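Visitor: Below is a structure I'd like to ask you about.
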Amino acid sequence: ATTNVTINPLLNPTASSNSPQCAGSTLTLNSSGGTSYNWSGPNSFSSSLQNPNINSVSIEANGIYSVTVTDANGCSASATTNVTINPL
């Protein structure tokens, strides 16, 4: 008997932002490399958008944001970006 085995390529997700930003402005997080996205970060932030915005961002948003990217095959990998929010 024989069987076919498919080996899916590794994901290479990216995570970035428009940091640094001043408090009160809009922070934009960016990611690519898959078909679904799950962001988490400081101040209980979470989002399933690929490129979420945080409007009127506060200094509590400082820190590391992580995104888990999943592709059409169900494979997943993570990437991080460090965000700096400056006080007014």
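The values are calculated or read from the model by the stated rules, or taken from the named source; none is laboratory data. Computed from a prediction, not measured in an experiment: that's the story for all the values here. Please note that ligands, DNA and RNA were not included when accessible areas were found on the heavy atoms of the full protein model with its side chains. Shrake-Rupley method; radii C 1.70, N 1.55, O 1.52, S 1.80 Å.
Visitor: Please list 3J(HN,Hα) in residue order for region 39-45, calculated via the Karplus relation 6.51 cos²θ - 1.76 cosθ + 1.60 where θ = phi - 60°; whole Hz, with x for glycine and proline.
Guide: With the stated coefficients, region 39-45 comes to 8, 8, x, x, 6, 6, 6 Hz.
Visitor: Quick one: how many Å² of residue 49 are accessible to a 1.4 Å probe, rounded to 10?
Guide: Rounded to the nearest 10, the figure is 110 Å².
Visitor: Here's another thing I want to ask about it. Pick the calculated mean projected area of the Cα convex hull in nm² for this structure from [x] 7.3; [y] 5.9; [z] 4.9?
Guide: Here the calculated entry is [y].
Visitor: Go ahead and set up a Gaussian network model of the chain, Cα springs under 10 Å, then flag whichever of 23, 72, 15 fluctuates most.
Guide: Result: 72 has the largest fluctuation of those listed.
Visitor: Could you report the chain's accessible area per residue, 1.4 Å probe, as an integer in Å²?
Guide: Spelled out: the 1.4 Å probe surface of the chain, per residue, equals 61 Å².
Visitor: Using the Karplus curve 6.51 cos²θ - 1.76 cosθ + 1.60 with θ = phi - 60°, work out ³J(HN,Hα) for each residue of region 72-88 in order, rounded to whole Hz, and write x for Gly and Pro.
Guide: 5, 8, x, 7, 9, 7, 10, 9, 10, 9, 9, 10, 10, 10, 8, x, 5
Visitor: Same structure again: Given the options 14, 68, 35, state which has the largest fluctuation in a GNM of the chain using a 10 Å cut-off (strictly under) for Cα springs.
Guide: Ranking 14, 68, 35 by mean-square fluctuation puts 35 first.
Visitor: Could I ask something else about it? If you roll a 1.4 angstrom probe over the protein chains with everything in place, what fraction of the accessible area of the chain belongs to carbon and sulfur, to the nearest %?
Guide: With neighbouring chains kept in place, the figure for the chain is 48 percent.
Visitor: Given contacts defined as C-alpha pairs under 8 Å and at least six residues apart, what's the relative contact order of the chain, whole-number percent?
Guide: The normalised contact order for the chain reaches 34 percent.
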